[in-house]
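The next block holds one structure in the form of structure tokens; read it before the comments.
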Amino acid sequence: MGSTSTNMDDVKEALQSISQTQTALLTAVQSIADRVNTLEKKDTSSSSPPSAQALDRSATPLKTGFTQTPTSELPAEAGTQTPTATAPASPVATASKQFTSRVILTTYPHQIGISPLPLNWGAPDPLSRGPVTVSRSPSTIGRRNAIGAHGGSYSIYYALALASGELPHNHKPDYTNTEPAVSIGPFPQWGDKKKIVAMDPWGHLVPWTHKELMEREGVDLRPTIAVTKAHMTLPELEESVRSGRLRPDGKVCLNGRGELAVTKFAVEPVWYLPGVAERFGIEEGVLRRSLFEETGGMYPELITRSDIKVFLPPIGGLTVYVFGDPANMSDPSKRLALRIHDECNGSDVFGSDICTCRPYLIFGIEEAVKEAQNGGSGVVIYFRKEGRALGEVTKVVVYNARKRGEDRASDYFKRTENIAGVKDMRFQALMPDILHWLGITKIDRMLSMSNMKHDAIVGQGIPIHERVELPEELIPADSRVEIDAKITAGYFTTGHRMTDDELKAVQGRIWEDIDH
């Protein structure tokens, strides 16, 4: 017992020593922080805001923005003398001057200079909700309440424009005459944090609802949704008019060329991380870690800023095309035809016949126009999810594997899974958010055969009254492999579902056939 008591006394003494050391360290840190605050108040000569100065102390040094700089251009602390006469600056040197000599890799909660603008996701109005603030400009970095960058996948081009000097680092947009072309909402769904988790429901109003804040504090706030009006012209639509499938009415279908009047909504992704995690049935911490690690550590604040709940991911957004009066979308007494379409560059733009994407897109537009002309509403939503969100390179690699083999419908999904490890990464769980934002509460005609899209929409409480499959006469011969494989896997059809033996008999063209 005596030995045990002595050991316990030793442990207690060690713990007490550790506690005293921690107290001393905390006191020293607080003393340093107080001294820094005093110095900041005295320093009135710097042009940088206090928050930027405070953040700079915890930054990681990086000379002149990743470029190899001549000795005469290094900052003063490098120990060189600046010559009295200098040659004209090179483009690289000019671009370099837009950047400070220190890079802020990450921030932490309660760090000096950090004071995020309040953001209450799910609040019923834009002022009580607060603006999504993500810019890392000197005037805004300490007020950020979101991680990532504006522009989605195009944010990298923004960075290149800054680095090359094409874009001034202090540019701020002039939003004169850029207001949404039509009014929409607000709808009750905008204030439900469980219904909208993948976009900012107030993102189209930012420059106007928060104008006073932007002017008073100089924070850089930008919209994530834009609304305009446009005309649409596609060669197939002129044929639709000639054949009588579409009729010009001067309002929706404007003329004999099949030119359409459309209201267009462009949307960038904005993720409310707790809601996204819940939608996928995973923990928020697991989501954050996977996003951080599988992007090569691109956004360290996913790990260091657990207090920030909003993330603007570097992925493609979506575009909504509305035919007829946009107010009809949310009117339960009006019929609605809807096509949810995921990007397919090869077919949608260049007319490849290996899949049914463009034919279904054109068919969806036609049916949407007809519904609008009948007094209802027609909506086509286009998501940037190339190759089932596997990307175009993976998609083309799969095509190679198919065309070097027998390209049978029975192996359609197997070849994708062999290469990508999964047959589809579109994850339609987030897709219905745009329907909630548009105020859609029911769908009369769903122009899609996808079981994943159907289940995601119905799972979010939006009933679908009728599902409309692509007519047989619009299916290209070489895309039978795709469509028959999808029907067998669960896609909607009112027709025949093939047996395994029948599916093996469905074969696409091989390269030799295509070449001839």
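The values are calculated or read from the model by the stated rules, or taken from the named source; none is laboratory data. Remember, it's a predicted structure, so these values are computed and weren't measured experimentally. A quick note on method: Cβ atoms are made from the backbone with ideal geometry, for glycine too, and the neighbour counts reach across all protein chains shown. Surface accessibility is based on the protein's heavy atoms, side chains included, excluding ligands, DNA and RNA. Shrake-Rupley method; radii C 1.70, N 1.55, O 1.52, S 1.80 Å.
Table for the structure above
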| read-out | value |
| --- | --- |
| Search result, residues across region 402-415 that are in a helix (DSSP H, G or I) and under 17 Å from ARG480 (Cα atoms) | ARG402, LYS403, ALA409, SER410, ASP411, TYR412, PHE413, LYS414, ARG415 |
| Selection from region 227-248 of residues that are β-branched (Val, Ile, Thr) and open to solvent by 70 Å² or more (accessible area, probe 1.4 Å) | THR233 |
| Scope region 249-269; condition surrounded by fewer than 20 Cβ atoms within 10 Å (Cβ to Cβ) and assigned to a strand (DSSP E or B); matching residues | ALA261, LYS264, ALA266 |
| Which listed residue is aromatic (Phe, Trp, Tyr), more than 24 Å from HIS204 (Cα to Cα), touching a residue at least 24 places away in the same chain (Cβ under 8 Å) and open to solvent by 10 Å² or more (accessible area, probe 1.4 Å), from TYR272, TYR299 | TYR299 |
| Identity of the residue in region 359-394, at pLDDT 95 or above and of a type in the set (S, T, N, Q), that ends up least open to solvent (accessible area, probe 1.4 Å) | SER377 |
| Test result for GLY317, at positive phi, open to solvent by less than 70 Å² (accessible area, probe 1.4 Å) and either of a type outside the set (Val, Ile, Thr) or touching a Phe, Trp or Tyr at 6+ places or on another chain (Cβ under 8 Å) (or both) | no |
| Where a residue in region 236-261 is of a type in the set (Asp, Glu) and its partner, wherever it lies, is open to solvent by 50 Å² or more (accessible area, probe 1.4 Å), with Cβ under 9 Å and at least six apart | GLU238/ARG257; GLU239/ARG245; GLU259/HIS231; GLU259/THR233; GLU259/GLU238; GLU259/PRO248 |
| Test: residue in region 420-428 that is part of a helix (DSSP H, G or I), under 17 Å from ILE483 (Cβ atoms) and open to solvent by 60 Å² or more (accessible area, probe 1.4 Å) | no |
| Residues (among the polar types (S, T, N, Q) and touching a residue at least 12 places away in the same chain (Cβ under 8 Å)) located in region 275-296 | THR295 |
| Condition met for ARG404 (open to solvent by 30 Å² or more (accessible area, probe 1.4 Å), under 26 Å from LEU338 (Cα atoms) and touching a residue at least 12 places away in the same chain (Cβ under 8 Å)) | no |
| Count of region 173-226 residues which are in contact (Cβ under 8 Å) with a residue 60 or more places away in the chain, among the hydroxyl-bearing types (Ser, Thr, Tyr) and surrounded by fewer than 20 Cβ atoms within 10 Å (Cβ to Cβ) | 1 |
| Condition broken by SER155, with the remaining ones in (1) surrounded by 13 or more Cβ atoms within 10 Å (Cβ to Cβ); (2) without any contact (Cβ under 8 Å) to a residue 12 or more places away in the chain; (3) of a type in the set (Ser, Thr, Tyr) satisfied | (2) |
| Count - residues of region 470-485 that are touching a strand residue (DSSP E or B) at 6+ places or on another chain (Cβ under 9 Å) and open to solvent by 10 Å² or more (accessible area, probe 1.4 Å) | 1 |
| Check on ARG480, basic (Lys, Arg) and either closer than 24 Å to GLY376 by Cβ or not in a loop (DSSP other than H, G, I, E, B) (or both) | yes |
| Number of positions in region 418-466 that are over 18 Å from the mean Cα position of the chain (by Cα), of a type in the set (Lys, Arg) and closer than 30 Å to ALA401 by Cα | 2 |
| Top-ranked residue in region 429-465 [being surrounded by fewer than 18 Cβ atoms within 10 Å (Cβ to Cβ) and of a type in the set (Gly, Ala, Ser); ranked as nearest to ILE487 (Cα to Cα)] | GLY459 |
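Per-residue answers, yes or no, for (1) charged (D, E, K, R); (2) farther than 30 Å from GLU293 by Cβ; (3) touching a residue at least 24 places away in the same chain (Cβ under 8 Å):
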position	(1), (2), (3)
ILE308	no, no, yes
SER333	no, yes, no
LEU338	no, yes, yes
HIS341	no, yes, yes
ARG388	yes, no, yes
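Residues are listed down the side, and each one gets a yes or a no for (1) modelled with pLDDT under 90; (2) farther than 17 Å from ALA401 by Cα:
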residue: VAL468; (1), (2): no, yes
residue: PRO471; (1), (2): no, yes
residue: TYR491; (1), (2): no, yes
residue: GLY495; (1), (2): yes, yes
residue: ASP500; (1), (2): yes, yes
residue: LEU503; (1), (2): yes, yes
residue: GLN507; (1), (2): yes, no
residue: GLU512; (1), (2): yes, no
residue: HIS516; (1), (2): yes, yes
